[in-house]
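Any read-out appearing in this document is the output of simple, stated calculations on the displayed coordinates, not a laboratory observation. Here the structure is a predicted model, which is why all the values come from computation and not from measurement. All Cβ positions, glycine included, derive from the backbone under ideal geometry; neighbour counts span all protein chains shown.
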2 protein chains.
Amino acid sequence: VRREIRGELRRLLESDDGVIEASEAYEHDATEHQSFRGRPDAVVAPASPEEVAAVIRWCYEREVPLVPRGGGTGFAGGAVPVDGGVVVSSERLRRIRQFEPQRWRAHVEAGLKTHELQRLARENGVYFPPDPGASEQSHIGGNIACNAGGPHAFKYGVTGAWVTGLEAVVPPGDVVTLGRGLTKDVAGLDLKSLLIGSEGTLGFITAAWLRLIPAPEYQLPVMALFEDVGTGCEAIDAILGSGVRAAALEYLDERTVEIAGAAYPPLAAGGPGFAVIAEADGSADEAARIRKELLEVLAPAARWTQAPTDRAEIRELWRWRDGVSIAVAAQLGGKVSEDVAVPLDVLPQLIEATVSIGAAHGLDACSWGHGGDGNLHATFMLDRGDPESLTRSRAASEDLFELAISVGGTISGEHGVGFVKRPYLERQVGPLAFERMQAVRQVFDPKGLMNSGKAL
Amino acid sequence: VRREIRGELRRLLESDDGVIEASEAYEHDATEHQSFRGRPDAVVAPASPEEVAAVIRWCYEREVPLVPRGGGTGFAGGAVPVDGGVVVSSERLRRIRQFEPQRWRAHVEAGLKTHELQRLARENGVYFPPDPGASEQSHIGGNIACNAGGPHAFKYGVTGAWVTGLEAVVPPGDVVTLGRGLTKDVAGLDLKSLLIGSEGTLGFITAAWLRLIPAPEYQLPVMALFEDVGTGCEAIDAILGSGVRAAALEYLDERTVEIAGAAYPPLAAGGPGFAVIAEADGSADEAARIRKELLEVLAPAARWTQAPTDRAEIRELWRWRDGVSIAVAAQLGGKVSEDVAVPLDVLPQLIEATVSIGAAHGLDACSWGHGGDGNLHATFMLDRGDPESLTRSRAASEDLFELAISVGGTISGEHGVGFVKRPYLERQVGPLAFERMQAVRQVFDPKGLMNSGKAL
């Protein structure tokens, strides 16, 4: 059957590169530590929206499940072909269709890598603020489908805030345009926003119109270490209450600092503690002023502060911050990170609960994340030598999700629901909203073939 | 029948104020010059989401149409009971349920007036940026239902960008919560964004969680007059290309300056021309720096500039700007303003076409609006002494909508589709998106009773 499907799909696509010979890479995403895997019946990489439409139409007529895939960097199993089907990858949809830095806009295809867009913008004096982790691999289309965040979402909002229009293929195989790339458009229901964050369940995003802004001249981080979770979270609150608008407001709990700190000499010298990283941005004067104010707010209760102004040192700090996830995973060989987000008043409670839930299940646990957004990467470490640790981590995640929901939080601040968190969505949103989500999904995908078994 | 409906509704509501005796005010909105009117069967003002649910349930069971209404300041006839039915007003849903300026958030009921929220925020050092016209009358719920904009949407985005959660009553009469007031939440389909801008067709918004930010210390406008549309729009482009981020970027065409300029002595002294207003905001130093840069970009081609720094003078400038719509309406006794938005490269074309389309239909015409967003208030003046001018204005609006759609623009940048623009929506979004919008509407409102005859 697989060979037959591949042969048929090959006929639909112009280039021989369109059907990719089965590669292990398409069987999982960044949840691979958690053994979420599936064998696709075929992997296709169409080179145009019309080719995507042809593939979806072919599959839709034959009731073959479709699994949209971007860079495969997701943490929720959203791109894993758990029940087989045809994986549709955006990797060959890479054209920059229009780029007008002078008018703050770009029109790009879904497979453009996030860092490619970020770099193109920077080189032309403009800024595309969304900065999810793994931007070297992730695709813009995937970022949009998951409504990805990142440290600078604190000031600039998540990916969706920068999307002014989408081109997508929706079942049974139609190319639709939702939004026209305008910064203001309130004509009709906002289907564009509905597709943003829909995790491939409503259609396959092929291109996007994106909004840009003038690049801030300076980005100056300020880092501080605190005695414990309580004083660290008070510092986060103090920054919010100070009237200063930071560009990013991150934290790393004590266990994370202990594990990852060694790779960053300035911090290692600062000793243990709960770390807060805030960033000032803007023109030279403005960034310097905000940096000074951030330091004034953080310093009194901090046991150590650091505020590099040298560009190389700043790059080093963020490169280290980006690598925290890998350092934690390396500790025992694997990890499960859950991106719950909660109201700020319960952030310290969730940070502490992550560690205690881990302990209750016999797991080393820690968290870091986007403190100003109340968004944790609550992490349970998996021991490669102890396969039972994966089972225990599932129970720990469940406890964590229940807690996040019970305090008014969400099971996902930025990774999406995917395959992993599906059992918890209805509990969070309630049966009334859940039913309507399912009905809306059915409007777009009456046969339930688009990333079935995911999100809802 | 009307008396019977009112009697039944009175029994559902706790207070005698809940059913309002027929008042002419509820028969129209700000389109009253255009003779859009309707007689409601009843007007109710529930005081709680549960009362809204009781009213909607009662009407839904009996197939009585429902017309949600905020402050009645809409320009698209969205709140006009064109076919009768029960008008549900948010005017008694006015509680501030939670206000935490230190944590940049508020939870308010739908009937709170926009300016009340703006003032409350300001008095506490925070800022709610959306600033649609008529903020003294408009309600937050109505702003959200229309996804209203305003001058500062240029930097800060439209109303929807500030909504982190909604409470709404959806048919057949259920109170649902969409979003939990978190700045990041990607769990499930984004039904919150779907309700934003849905113009009451999916449900009745009863309360919202809103995001706030620290208030900019200074807001410093810079105004300049140019020879003509071409040089004025080049100046708008030059500001975008300069790398400076203005908080607002407005324009008024020559005819608008001619009509409204007399009411603003500094401008009247500046003589005729095409006006551009840009605003710098931020800390004292930052606002001063941006103000200087804006002046440097605008001055070379301008025939006159003005950049007040005195707070009273600044207030006077914006008060005058807010009154432009009224001044233009007063010229002949009435007007039709259409809020088309277009890509920036065709903004000058649309500004000129507004005047020439008006002339072709024998109408005095002008435009002003949010230039940086390509968003015009293209206006055809109605002569009270000439009832035919209304008929001619409809033909002019039609030409304008066709043009906006043909150049990649939208029929509505901020007012919504309402009753007025319904015939043009499908032409803009195309049949595929239009069908899906209708199907999504049916998911929420299977009987088609929520603001029927509007938007879609």
Put +1 on the Cβ of every Lys and Arg and -1 on every Asp and Glu Cβ in segment B:2-142; which of B:Ala54, B:Ala79, B:Val126 then has its Cα farthest towards the positive end of the dipole?
B:Val126
Neighbouring partner chain Cβ atoms per residue of A:222-230, average, 10 Å criterion
0
So which aspartates and glutamates pass the test for B:Lys113, namely a Cα distance under 13 Å, with those fewer than 8 places away in the same chain ruled out?
B:Glu91, B:Asp131, B:Glu136
Give me the distance between the Cα centres of segment B:212-231 and segment B:118-191, rounded to whole Å.
24 Å
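Filter the GluC sites (Glu not before Pro) in segment A:175-262 down to the DSSP loop ones having no more than 14 other Cβ atoms within 10 Å, then list what survives.
Details: sites: A:Glu199, A:Glu217, A:Glu227, A:Glu234, A:Glu250, A:Glu254, A:Glu258; in loops: A:Glu199, A:Glu217, A:Glu227.
Hits after loop and neighbour filter: A:Glu217, A:Glu227.
Rounded if a/c is under 1.5, else prolate if a/b beats b/c, else oblate: with a ≥ b ≥ c from the C-alpha gyration tensor eigenvalues square-rooted, which is segment B:140-190? Don't jump to the answer; show the numbers that get you there.
Working: a/c = 3.06, a/b = 1.48, b/c = 2.07.
Oblate, because a/c is 1.5 or more while a/b does not exceed b/c.
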First select every other residue whose beta carbon is under 14 angstrom from the beta carbon of A:Lys184; then total the charges, Lys and Arg +1, Asp and Glu -1.
-3
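Per Stokes-Einstein, at 10 °C and 1.306 mPa s, what whole-number D in µm² s⁻¹ belongs to chain B, with the Kirkwood radius over Cα pairs as the hydrodynamic radius? Can you show the working numbers first?
On the way: Rh = 22.7 Å.
In µm²/s, the coefficient rounds to 70.
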Under a point-charge model restricted to the Cβ atoms of Lys and Arg (+1) and Asp and Glu (-1), what is the dipole moment magnitude of segment A:80-157 relative to its Cα centre, in debye to the nearest 20?
300 debye
Which whole-number percent is the relative contact order of chain A (Cα, under 8 Å, 6+ apart)?
15 percent
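Once you average over the residues of B:423-436, how many Cβ atoms of partner chains fall within 10 Å of each Cβ?
On the way: counts 0, 1, 3, 1, 0, 4, 10, 4, 2, 6, 11, 3, 3, 13.
Per residue, the number of nearby Cβ atoms from other chains is 4 on average.
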Could you work out, for the protein assembly as shown, what percent of all Cα-Cα pairs fall into each 10 Å distance bin, beginning at 0 Å and stopping at the bin that holds the largest distance?
2, 12, 22, 25, 21, 12, 4, 1, 0
What lysines sit close enough to A:Lys292 to cross-link, taking a C-alpha to C-alpha distance under 22 Å and skipping anything fewer than 8 places away on the same chain?
A:Lys155
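In what sequence, highest mean first, do A:265-273, B:269-277, A:153-161 appear when ranked by Cβ atoms within 10 angstrom?
Details: A:265-273: 15.7, B:269-277: 20.8, A:153-161: 22.6.
By packing density, highest mean first, the sequence is A:153-161, B:269-277, A:265-273.
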By the C-alpha gyration tensor axes a ≥ b ≥ c (rounded if a/c is under 1.5, else prolate when a/b exceeds b/c, else oblate), the shape of segment A:274-322 is oblate
Measuring from its Cα centre, segment B:145-283 shows a charge dipole (+1 at each Lys and Arg Cβ, -1 at each Asp and Glu Cβ) which, in debye to the nearest 20, is 620 debye
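What fraction of the DSSP beta bridges in the protein assembly as shown is antiparallel, stated in percent and rounded to the nearest 5? Please list the in-between numbers first.
Working: 116 of 132 bridges.
Of the beta bridges lying entirely in the protein assembly as shown, close to 90 percent run antiparallel.
For segment B:69-149, state which GluC sites (Glu not before Pro) are in a DSSP loop and have at most 15 other beta carbons lying within 10 Å of their beta carbon.
B:Glu136
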Can you compute 3J(HN,Hα) from phi for each residue in segment A:42-47, using the Karplus curve 6.51 cos²θ - 1.76 cosθ + 1.60 with θ = phi - 60°, rounded to whole Hz and x for Gly and Pro?
6, 10, 10, 10, x, 9
How large is log10 I(q)/I(0) at q = 0.10 Å⁻¹ when the Debye formula is applied to the Cα atoms of segment A:368-456, each weighted equally and without solvent?
-0.33
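Per residue of A:283-294, count partner chain C-beta atoms within 10 Å of its C-beta, then hand back the mean as an integer. Please list the in-between numbers first.
On the way: counts 9, 1, 5, 7, 1, 1, 5, 2, 0, 0, 1, 0.
That works out to 3 on average.
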Find which of B:Gln331, B:Ser356, B:Val346 sits farthest along the positive direction of the dipole of segment B:276-365, computed with +1 on the beta-carbon of Lys and Arg, -1 on that of Asp and Glu, about the Cα centre.
B:Gln331
Can you list the lysines whose alpha carbon sits under 30 Å from that of B:Lys447, skipping same-chain ones fewer than 8 residues off?
A:Lys192, A:Lys447, B:Lys192, B:Lys421
Summed residue charge, Cβ within 10 Å of B:Phe401's Cβ, Lys/Arg positive, Asp/Glu negative
-2
Chain A: calculated mean residue ellipticity at 222 nm from DSSP helix runs of at least 4, using -39500 (n - 2.57)
-11500 deg cm²/dmol
What's the magnitude of the charge dipole for segment A:319-431 around its Cα centre, counting Lys and Arg as +1 and Asp and Glu as -1 at the beta-carbon? Answer in Debye, nearest 20.
260 debye
